[in-house]
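The values are calculated or read from the model by the stated rules, or taken from the named source; none is laboratory data. Computed from a predicted model, the values in this text were never measured in an experiment. Using ideal geometry, Cβ is built from the backbone for each residue, glycine included, and neighbour counts are taken over all protein chains shown.
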Amino acid sequence: MPEAPVLEFACTLQVELAPIREMGSGRFGQRRIIPIIGGTVTGPRLNGTILNLGADWQTIQADGAAHLDTRYAFETDDGALIEIINTGTRHGPPDVIAKLGRGEEVDPARYYMRTVARLETGDPRYAWVNNTLFVGTGRRLPDAVRVDLFAVA
């Protein structure tokens, strides 16, 4: 039997969001942009402040499933800049997705939100992120998203 990869908790991203900008129907579903305006990075491997730039470019399927495609950056507490490209999916029962859409807090066990992240920096102190794959578990909050990132060892 193959050995499963080991996951090591790296950090929590608390990503602050501006109001959703609806684009309308696209080729693959309803399109929208959610600006990323700040937040924090806290954890055993990475700590810092999410910068007021970037966005989540989402596609929403007819069944309510959201395909997430984010690009943003943060500055570590010691001054390094790190880019994050995070893609994923969020889906669940229609009533749960409707609550999330209204900005209500929902137990994250009631829906599925998972991501794959690529981080990149030119700072040699954090060069390890350039060659590490990260997976995340997410939670939608009224004005933010929380993603716990795990490095795949």
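Residue by residue, here is whether (1) aromatic (Phe, Trp, Tyr); (2) under 21 Å from GLY24 (Cβ atoms) holds:
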{"site": "ILE60", "(1), (2)": "no, yes"}
{"site": "GLY64", "(1), (2)": "no, yes"}
{"site": "TYR72", "(1), (2)": "yes, no"}
{"site": "ASP77", "(1), (2)": "no, no"}
{"site": "ALA80", "(1), (2)": "no, no"}
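Looking at segment 76-88, I want the residues that are of a type in the set (Gly, Ala, Ser) and have a partner that is exposed (fewer than 15 other Cβ atoms within 10 Å of the Cβ) and assigned to a loop (DSSP other than H, G, I, E, B) with Cβ atoms under 7 Å, at least 6 apart or on another chain. Which pairs are those?
Sorted first by the residue in segment 76-88, then by its partner, the pairs are ALA80/ASP123.
Considering only segment 23-32, state which residues are surrounded by 15 or more Cβ atoms within 10 Å (Cβ to Cβ) and either of a type in the set (Gly, Ala, Ser) or within 29 Å of PHE9 (Cα to Cα) (or both). Walk me through it before giving the result.
Kept after step one, since they are surrounded by 15 or more Cβ atoms within 10 Å (Cβ to Cβ), are these residues of segment 23-32: 29-32.
GLY29 - this is the single residue of segment 23-32 that is surrounded by 15 or more Cβ atoms within 10 Å (Cβ to Cβ) and either of a type in the set (Gly, Ala, Ser) or within 29 Å of PHE9 (Cα to Cα) (or both).
Assess whether THR115 counts as being touching a residue at least 12 places away in the same chain (Cβ under 8 Å), surrounded by 13 or more Cβ atoms within 10 Å (Cβ to Cβ), over 12 Å from LEU46 (Cβ atoms) and of a type in the set (S, T, N, Q).
Working: touching a residue at least 12 places away in the same chain (Cβ under 8 Å): yes; surrounded by 13 or more Cβ atoms within 10 Å (Cβ to Cβ): yes; over 12 Å from LEU46 (Cβ atoms): yes; of a type in the set (S, T, N, Q): yes.
Judged against the criteria, THR115 is a match.
For segment 83-104, which residues satisfy the criterion of being under 18 Å from LEU13 (Cβ atoms) and either assigned to a loop (DSSP other than H, G, I, E, B) or not hydrophobic (A, V, I, L, M, F, W, C) (or both)?
GLU83, ASN86, THR87, GLY88, THR89, ARG90, listed by residue number.
Looking at ILE36, ILE85, ILE50, which is the one that is under 19 Å from ASP148 (Cβ atoms), surrounded by fewer than 19 Cβ atoms within 10 Å (Cβ to Cβ) and of a type in the set (A, V, I, L, M, F, W, C)?
ILE85
Select from segment 33-79 the residues that are under 30 Å from ASP95 (Cα atoms), hydrophobic (A, V, I, L, M, F, W, C) and over 14 Å from the mean Cα position of the chain (by Cα) and list them in ascending order.
ILE60, ALA62, ALA65
Restricting to segment 110-143, name every residue that is modelled with pLDDT of 95 or more and of a type in the set (A, V, I, L, M).
Matches in segment 110-143: MET113, VAL116, ALA117, LEU119, ALA127, VAL129, LEU133, VAL135.
Test of understanding: among ALA65, ALA55, which residue is within 17 Å of ARG140 (Cβ to Cβ), modelled with pLDDT under 95 and aliphatic (A, V, I, L, M)?
Numbers: ALA55 fails: modelled with pLDDT under 95.
None of the others qualify; the one that does is ALA65.
Hey, among the residues in segment 56-65 that are surrounded by 15 or more Cβ atoms within 10 Å (Cβ to Cβ) and out of contact with any Asp or Glu (no Cβ under 9 Å at 6 or more places or on another chain), which one's farthest from ILE85 (Cα to Cα)?
GLY64
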